[in-house]
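Notes for the one structure printed next.
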Amino acid sequence: MRKIELREAYRNKRRKLSFETIQSQSLKISNNILQMNIWSFFYYHVFLTITESKEVDTSYLLTLLHGKDKNVIVPKTVGEKQLEHFLLTDSTLLKKNKWNIPEPVNGILIDEKQLEVVFIPLLAFDLKGNRVGYGKGFYDTFLEKCNANVLKIGLSFFEAEREIEDVDKHDIPLDYCVTPEKVYEF
């Protein structure tokens with residue numbers, strides 16, 4: 001399928017998820033992440049959940065990272081297709097933006113080059129690690145600025161599609177995608 005078709009199909013799949021299902025599946029995803037060999041790093045970038053879009057609830061992952069005393073970095077949208085990245089601390093004030101994304105109001109700015117692991121929101125992904133996001137280009141623009149060896153980990157309630165037909169040369173593939181059932185490695 002093409003990206004536009006996948007966006008529509010997976011938005012519809014998400015709409016059908018209950019709050020209880022989202023919570024239980026998000027916990028399973030976090031438990032699968034716990035089993036991954038990614039815990040020697042220091043800087044972990046995590047998207048904050050858009051509850052209204054029924055995204056994977058990253059609060060479990062945040063608890064896990066803080067429990068392991070990791071530096072957690074969260075994004076803030078600025079301008080067209082740009083993200084800034086802030087250290088998440090106990091004093092970080094969050095406010096929802098126009099897309100209902102919780103974002104830091106201000107804080108300690110972190111350079112993309114410092115990031116070692118990036119957890120990425122998505123709607124769908126395929127067996128080659130290509131992903132379909134919301135179509136705004138924020139994450140592809142952001143990932144281009146990261147070090148080449150940054151680990152890119154998608155989080156999905158659903159299993160992989162066989163193929164995304166219209167992958168673009170600017171699309172940056174995932175290294176892993178974690179679902180409630182398994183961890184895909186690409």
Probe 1.4 Å, accessible area per residue of the chain, Å²: 52 Å²
Most fluctuating residue given options Ser30, Ser156, Ser18, as computed from a GNM of the chain linking Cα atoms under 10 Å: Ser18
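Ignoring any ligand, DNA or RNA, what whole percent of the accessible area of the chain comes from carbon and sulfur when the probe is 1.4 angstrom?
Values: 4840 of 9710 Å².
Reported share for carbon and sulfur atoms: 50 percent.
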Among Ile38, Ile73, Ile50, residue whose mean-square fluctuation peaks in a GNM of the chain (springs only between Cα atoms under 10 Å): Ile38
Cα gyration tensor shape for the range 4-71, rounded if a/c is under 1.5, else prolate or oblate: prolate
Sorted peptide list for 139-148, 114-123, criterion being average Cβ within 10 angstrom, highest first: 114-123, 139-148
Projected area, mean over directions - the range 77-186, Cα convex hull, nm²: 7.6 nm²
Listed values (1) -0.46, -0.70, -1.43; (2) -0.29, -0.53, -1.72; (3) -0.31, -0.55, -1.51, entry calculated as log10 I(q)/I(0) by the Debye sum over Cα atoms at q = 0.09, 0.12, 0.20 Å⁻¹: (2)
Rg in Å to one decimal, and Dmax rounded to a whole Å, for the range 60-135 via C-alpha atoms: 13.7, 40
Residues Met36 and Arg162, FRET efficiency given R0 of 25 Å [Cβ-Cβ distance, rounded to 0.05]: 0.55
Global geometry of the range 101-165, whether rounded, prolate or oblate, following the gyration tensor of its Cα atoms and the 1.5 cut on a/c: prolate
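The values are calculated or read from the model by the stated rules, or taken from the named source; none is laboratory data. Model, not experiment: these values are computed from the prediction. Glycine gets a Cβ as well: all are built from the backbone with ideal geometry, and neighbour counts include every protein chain shown. The accessibility values were calculated without ligands, DNA or RNA, using every heavy atom of the protein model including side chains. Shrake-Rupley method; radii C 1.70, N 1.55, O 1.52, S 1.80 Å.
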